[in-house]
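J.: One structure coming up, written as structure tokens, with questions to follow.
The values are calculated or read from the model by the stated rules, or taken from the named source; none is laboratory data. Owing to the predicted nature of the structure, the values given are computational and were not obtained by experimental measurement. Here Cβ is always computed from backbone atoms with ideal geometry, including for glycine, and neighbour counts include all displayed protein chains. Remember, those area values only see protein heavy atoms, side chains included, never the ligands or the DNA or RNA. Shrake-Rupley method; radii C 1.70, N 1.55, O 1.52, S 1.80 Å.
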Amino acid sequence: MTADVAVLGVGMHPWGKWGRGFVEYGTAAARAALADAGLGWPDVGSVVGAGTVRGGYPGYVAGATFAKALGWQGARVASVYAACASGAQAIATARAQILAGLADVVLVVGADAAPKGFFRPAGGDRPDDPDWLRFRLLGATNPAYFGLYARRRMAVHGDTPEDFALVKVKNAASGALNPYARYRRRVTAEEVAASAVVSDPLRLLDICATSDGGAALVLSSLDFARRHGAARPARIRAVSTVTPRFPNTVLDLPDIATDSAVAVAPPDETFRASIARAAYEEAGIGPEDLSLAEVYDLSTALELQWYEDLGLCGAGGGAKLLREGATAPGGRIPVNSSGGLASFGEAVPAQAIAQVCELAWQLRGTAGDRQVAGARVGITANQGLFGHGSSVVVVR
Amino acid sequence: MVTGWFTGEGDDFRLLGTRCASCRTVFFPREDTHCRNPHCAGDDLEEVPLSRTGRIWSYTDSHYRPPSPYVSDPELPWEPYALIAVELEAERIVVLGQAAPGVTVAALTVGMEVEVVPGVLHEDARTAWTTWHWRPRGAAV
């Protein structure tokens, strides 16, 4: 176990298709987080930006880009790119600086202006890039992989498209209560079933959209928080940033094939399960301690997979847990009280930070109509393209 | 656009991978520099043909036209094609590929036996870009 860091401030720019640049979204979120923390930007000793590769060159240098937009004030700076795990790695970087004594207060910012439709690799002929290859050779989009996982669950665990639709119904109901969500309308199972097939067996409403959005955190040492008058802040207790173990035998984005298990037996747990286990071990907690979870529901079927990878139920038990209402508001372990990606869409570098924003609001008891009663411990789970684990444990 | 990933014609068509001479791990797509088994320091990787047949791990299809760099004719209506992930028993590996033309998801089940066959990714007046396809065993060519 390591020492905690305090979540002094959280802020977001609403998700949607706003047609503006990622710098504007990130700066708005940062200003909101600073105001929430009761701090001025000059009080910040370090800024960490979660990068995007689609925002053009400035996206690679997100930390300094946000620092310039907020006004140069000499802060230490870092930029992190880890695909969908960028936000979590930015949080990990900020936490390490605080625990090492390099900075008392660190601003973490992630923002993106995503294109409409499918994500795609950067331009040019790049046959040494697995992401380019899967599009060029197979036309294998992200939803194609989500479809493979969903079909596999149906074959192995007996999940049905109706189970998947219930995830959307649940998350849309929560998103309707969240002012930062892009989609704020309840959805029925019939509407999911009537939406167009994207990648069999998944339909349009089973798959998250691409979005613009931004999220930010102000993190500090516990000593600083105390001196600042925040006696009981939400605290980050663990950040998991693990890589897979060889052989990785679950076909995963963006790969065309798995590792072969001919020479080395597969590990006892999948990569996704190892992400959560590392977070639990670092935090000194287990799934039984959780009040709520924010998981990366890129597709409805994938949310069920996360239930199992987080240890909320055994292998194959995800759909049953959902049907019982355990993961719905008021259930034993509400999942995606924010509305999830189903309601937000994907703004890649912002999403893992937004997950922590939701946990902070819930643990403070300020989540309004979405409030999970008595929330004390929350976990986020996410996975970045190319093998980036991402999970954060927040406690109060 | 990729070289050394497959070879042969007709019934002799095979995917090509590489195999570490030290630990025997198989790689597809081919790994030609260093073995990626973290317990192995091998850098002697030999080309090896993969099994012709395997069993379906999962499958899906694509009802919307994929973006570039996938190449398709925007003048033509989009025809969904199936993608099949196939477990090769001897290599203990799962390999994704497009299904042969005319094979739809309705014809597939997890666990079904499929074979690798040569295919055309796309072609223009000068060039046909070849690839591999998965096809249920015994299906009509």
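J.: Would you please list the contacts, defined by Cβ atoms under 9 Å and residues six or more apart or on different chains, that run from a residue in region A:104-118 that is within 14 Å of chain B (Cβ to nearest Cβ) to a residue that is in a strand (DSSP E or B)?
T.: Correct list of pairs: A:ALA114/A:THR210; A:ALA114/A:ASP212; A:ALA114/A:GLY213; A:ALA114/A:GLU346; A:PRO115/A:THR210; A:LYS116/A:THR210; A:GLY117/A:THR210; A:PHE118/A:THR210.
J.: A follow-up question, please. Tell me whether region A:106-113 contains one or more residues that are modelled with pLDDT under 95 and either small (Gly, Ala, Ser) or surrounded by fewer than 23 Cβ atoms within 10 Å (Cβ to Cβ) (or both).
T.: Yes, region A:106-113 contains a residue that is modelled with pLDDT under 95 and either small (Gly, Ala, Ser) or surrounded by fewer than 23 Cβ atoms within 10 Å (Cβ to Cβ) (or both).
J.: In addition: Residue under question is B:THR33, and the condition is that it be open to solvent by 20 Å² or more (accessible area, probe 1.4 Å) and hydroxyl-bearing (Ser, Thr, Tyr); does it hold?
T.: yes
J.: Do you know which residues across region A:22-39 are open to solvent by 30 Å² or more (accessible area, probe 1.4 Å) and out of contact with any strand residue (DSSP E or B) (no Cβ under 6 Å at 6 or more places or on another chain)?
T.: Matches in region A:22-39: A:VAL23, A:GLU24, A:ARG31, A:ALA35, A:GLY38.
J.: Quick one: count up the residues across region A:186-205 that are more than 9 Å from chain B (Cβ to nearest Cβ) and among the acidic types (Asp, Glu).
T.: 2
J.: Out of the residues in region A:362-396 meeting the condition of being on the phi > 0 side of the Ramachandran plot and either in contact with a helix residue (DSSP H, G or I) (Cβ under 9 Å, 6 or more places away or on another chain) or not assigned by TED's automatic domain parsing to the domain that holds A:ILE285 (or both), tell me which one is most open to solvent (accessible area, probe 1.4 Å).
T.: A:PHE386
J.: Could you please let me know if A:GLY87 is buried (at least 19 other Cβ atoms within 10 Å of the Cβ), touching a Gly at 6+ places or on another chain (Cβ under 8 Å) and of a type outside the set (Val, Ile, Thr)?
T.: The answer is yes for A:GLY87.
J.: With the condition being among the aromatic types (Phe, Trp, Tyr) and open to solvent by less than 10 Å² (accessible area, probe 1.4 Å), I'd like the helices (runs of 4 or more DSSP H) fully within region A:131-203 carrying at least 1 qualifying residues.
T.: Fully inside region A:131-203 and qualifying: A:142-157, A:161-175.
J.: Moving to a separate point now. Has region A:332-351 got any residue that is in contact (Cβ under 8 Å) with a residue 12 or more places away in the chain and farther than 30 Å from A:TRP18 by Cβ?
T.: Yes, that holds for at least one residue.
J.: Could you list all residues from region B:116-129 that are surrounded by 13 or more Cβ atoms within 10 Å (Cβ to Cβ) and either of a type in the set (A, V, I, L, M, F, W, C) or in contact with a Gly (Cβ under 8 Å, 6 or more places away or on another chain) (or both)?
T.: Hits for region B:116-129 are B:VAL116, B:VAL117, B:PRO118, B:LEU121, B:TRP129.
J.: Suppose we filter region A:1-21 for residues that are crowded, with 21+ Cβ neighbours inside 10 Å and part of a loop (DSSP other than H, G, I, E, B); how many remain?
T.: Going through region A:1-21 one residue at a time, the tally reaches 1.
J.: Sticking with this one: Would you say A:VAL250 is within 14 Å of chain B (Cβ to nearest Cβ) and either over 30 Å from A:TYR145 (Cα atoms) or open to solvent by less than 40 Å² (accessible area, probe 1.4 Å) (or both)?
T.: no
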